[in-house]
Amino acid sequence: MGEHDVIDLLMAQHGRIRDLFDEVEKAPPDKVEEAFDRLTRMLCVHETAEEEIVHPYARRKLDNGHGVVADRLREENRAKRLLVELHKDGVDHPKFWDRLGELRTAVTAHARSEERYEFVKLRAHTSVVERRAMAAAVRAAEALAPVRPHPGTESAARNMLMGAPLALMDRARDMIGKALGRR
């Protein structure tokens with residue numbers, strides 16, 4: 001079934017996120033910022049898509065879905081706040097590597113919790129057709145997702161309302177920065 005199933009797609013992305021953390025940690029000093037930007041983009045679009053598509057579905061479909069999703073949203077908010085701090089201070093900040101380690105630990109624990117408490121139950125309580133439809137919806141949401149962290153937008157409603165304008169602003173800021181020779 002591969003990445004046509006939303007659970008397989010998201011778990012593959014969790015693997016890609018782990019690889020991106022490795023890339024940042026192994027990057028030569030002049031490539032750290034670029035690698036960190038790739039990691040940030042992946043984290044942001046991945047979480048936005050989960051918040052817009054997967055979590056609302058889990059809330060409705062799972063026993064104690066509201067509790068399961070509330071725990072995941074708290075974890076996501078914490079990761080977004082860490083990302084904001086990392087970007088605000090930059091990769092040359094003396095605490096960058098410690099904070100990156102803290103972010104990696106938080107993101108890894110979050111992914112494990114999603115896989116254990118949300119994805120396993122979703123797979124058991126959804127059909128192949130539902131999971132395929134959600135995978136298509138996740139891909140669409142990712143195409144319109146912000147590429148920078150925005151703590152406080154962890155609900156589907158907030159993402160739907162604010163996601164596209166934030167995504168446009170993020171992408172415009174990136175383009176302007178590149179045009180001015182800044183990353």
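The values are calculated or read from the model by the stated rules, or taken from the named source; none is laboratory data. All of these numbers come straight from a predicted model, not from anything done at the bench. Because the Cβ atoms are built from the backbone with ideal geometry, glycine has one as well, and the counts that use them run over all protein chains shown. Keep in mind that these areas ignore ligands, DNA and RNA; they rest on the heavy atoms of the full protein, side chains included. Shrake-Rupley method; radii C 1.70, N 1.55, O 1.52, S 1.80 Å.
Sort 126, 105 by accessible area with a 1.4 Å probe, largest first.
105, 126
With a 1.4 Å probe and all protein chains left in place, how much accessible area per residue does region 1-139 have, in Å²?
Working: 6800 Å² over 139 residues.
Here the residues of region 1-139 average 49 Å² of exposed surface.
Ordered from highest to lowest accessible area with the whole protein assembly present and a 1.4 Å probe, 19, 92, 63 read as 92, 63, 19.
With the simple model of a label 7 Å out from the Cα in the direction of the Cβ, residue 97 to residue 26 spans 1.7 nm. Based on the Stokes-Einstein relation at 10 °C and a viscosity of 1.306 mPa s, and on the Kirkwood radius from alpha carbon pairs, region 22-85 is assigned a translational diffusion coefficient of 119 µm²/s.
Of the residues 80, 121, ranked by 1.4 Å probe accessible area with the largest first, the sequence reads 121, 80. Calculate what fraction, in whole %, of the accessible area of region 18-107 sits on carbon and sulfur atoms when a 1.4 Å probe is rolled over the protein chains. About 48 percent, which is the carbon plus sulfur part of the accessible surface.
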